[in-house]
Amino acid sequence: MFPGAAAYDLDLTVEPAAVERLLSVGPADVDPADELTFARNVFLPLTTACRYTCTYCSFYDVPGQATLQSPEEVREQLRLGADAGCTEALFTFGDKPDDRYTEIHDQLQQWGFGDVHEYLYRACEIALEEGLLPHSNPGDCTHGEFRRLQEVNASMGVMLETTADVDAHAGGRRKTPGQRLNTLRAAGEAGVPFTTGILVGIGESWRDRAESLLAIAELHRRYGHIQEVIVQNVVPNERSDFDRPSVETMRRVVAMARVALPETVSVQVPPNLSPTRQLLSCGVDDLGGVSPVTDDYINPDYEWPALRELRAIADDAGVPLRERLPVYARYLPDDLRPDGVDAAGAPSGDRPWVSDRIRAAIAGDDPAGERYRGLL
Ligand code: SF4
């Protein structure tokens, strides 16, 4: 049982033998991918308020200093992104601001929103109006919250980070592995095409890494909703001095991810943080979202490489670089899914993986719809 899982009635274990097998995997046990994919996105940190204080995180701001993007700012950024050919609106914030963030709550109320999720819903609508498909990372969510946000999101995500109880999450306000796993389960039950990942170097052991990857694989086996798993190394920043994991460490973890997950689930590394070129031979097949118009606000010290840098990375690896949508094609309905792409299988419940609204946006005969379908 993972730490904190009992509080969520989460029946999830991994077999010790499977952990041992995964621990024996190395880069020589995997093949390089035959193509690299990426999504072109606009990165919107809707708010920097977060109820937690993870010690490696430079994203959150304390009460009184946290920012909140206005609807006008959101629209302006989205319009810039659409003009630059982006297809994804990546909305990120930490976890629902708690009572300490009075200014954030007051501002939201002044704009007519009861909470940050209501505001996120509206921001996603603005993205769709501007010709971008929303992909939101709103921290922990319940099944009901996922169901609601799914109406206006092509896909969503939250990093698992680790199944271990690490000091980096310690303190009065802390997220637990059980809570994160519960969120992954809720996304699966709601039938949301989902992105998750592990964070390497925050005090977890090799066994913890193996268990984290196997826990994700097990939740995917149950629900079929994981479209990609990010393997991200921690980086030093102004709040923490965690050592950046070595290249050899990252090569081994990426190989373990590739072996732990089914082939249809992409293994992603963020090219602005990772020793990407040295990881490509270990099974990486996706470089995540890259933005031609906005910064990586989670890690502002590490700029996104230009798109041509991504092409150079793919060229060096001798594989094609393909742009994709924030939702993987296998989650689309039959009439939109390209020939040769198998359906992901039915999600739990009686709904499709994408809402009518998202389906209509992709099927639309406007320039945005044409742009989306051009990437399928
Ligand atoms: S890592 Fe995420 S949950 Fe932790 S403090 Fe940063 S934004 Fe909040």
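The values are calculated or read from the model by the stated rules, or taken from the named source; none is laboratory data. Quantities reported herein were computed from a predicted structural model and do not represent experimental measurements. Every residue, glycine among them, receives a Cβ derived from its backbone with ideal geometry; neighbour counts consider all protein chains shown. These accessible areas exclude ligands, DNA and RNA; they are computed on the full protein's heavy atoms, side chains included. Shrake-Rupley method; radii C 1.70, N 1.55, O 1.52, S 1.80 Å.
Quick notes on this one:
- Distance cut-off 34 Å, percentage of C-alpha pairs in the chain lying past it: 21 percent
- The accessible area of W206, taken with all protein chains in place and a 1.4 Å probe, comes to roughly 70 Å².
- Sequence of H135, H143 when ordered by accessible area, the most exposed leading, probe 1.4 angstrom: H143, H135
- Largest first, the extents of the alpha carbon coordinates of the stretch 118-166 on the three principal axes equal 42, 20, 16 Å.
- Across all Cα atoms of the stretch 204-289, the radius of gyration (one decimal) and Dmax (whole number) stand at 13.0, 40 Å.
- Among the GluC sites (Glu not before Pro) found in the stretch 182-239, those both in a DSSP coil and sparsely packed, with 14 or fewer other Cβ atoms within 10 Å of their Cβ, are E238.
- With eigenvalues of the C-alpha gyration tensor scaled by 5 and rooted, the stretch 193-254, Å: 24, 13, 10
- Among the GluC sites (Glu not before Pro) found in the stretch 87-143, not one is both in a DSSP coil and sparsely packed, with 16 or fewer other Cβ atoms within 10 Å of its Cβ.
- Over all orientations, the stretch 18-150 has a Cα convex hull whose mean projected area works out to 11.7 square nanometres.
- GluC sites (Glu not before Pro) lying in DSSP loop within the stretch 142-171, provided at most 15 other Cβ fall within 10 Å: E151
- The chain, relative contact order [Cα under 8 Å, separation at least 6], %: 24 percent
- Scoring 326-337, 357-368 by mean Cβ neighbours within 10 Å over their residues and listing the highest first yields 326-337, 357-368.
- When you work out D = kT/(6 pi eta Rh) for the stretch 232-376 at 37 °C and 0.692 mPa s, using the Kirkwood radius from C-alpha pairs as Rh and the Stokes-Einstein form, the result is 187 µm²/s.
- Dividing the radius of gyration of the alpha carbons in the stretch 32-79 by their Kirkwood radius gives 1.16 for Rg/Rh.
- Take T67: with every protein chain present and a 1.4 Å probe, its accessible area is about 70 Å².
- Cα-based radius of gyration of the stretch 160-214 once divided by 2.2 N^0.38 Å, which approximates compact folds: 1.17
- Per-residue [θ]222 nm for the chain (sum of -39500 (n - 2.57) over DSSP H runs n ≥ 4, rounded to 500): -10000 deg cm²/dmol
- Figure note: T13, T176 ranked by solvent-accessible area, largest first, 1.4 Å probe, ligands and nucleic acids not counted: T13, T176.
- Reduced Cα scattering model of the stretch 91-223, Debye log10 I(q)/I(0), q = 0.14, 0.19 Å⁻¹: -0.70, -1.12
- Computed Rg/Rh of the stretch 3-66, alpha carbon atoms with Kirkwood Rh: 1.14
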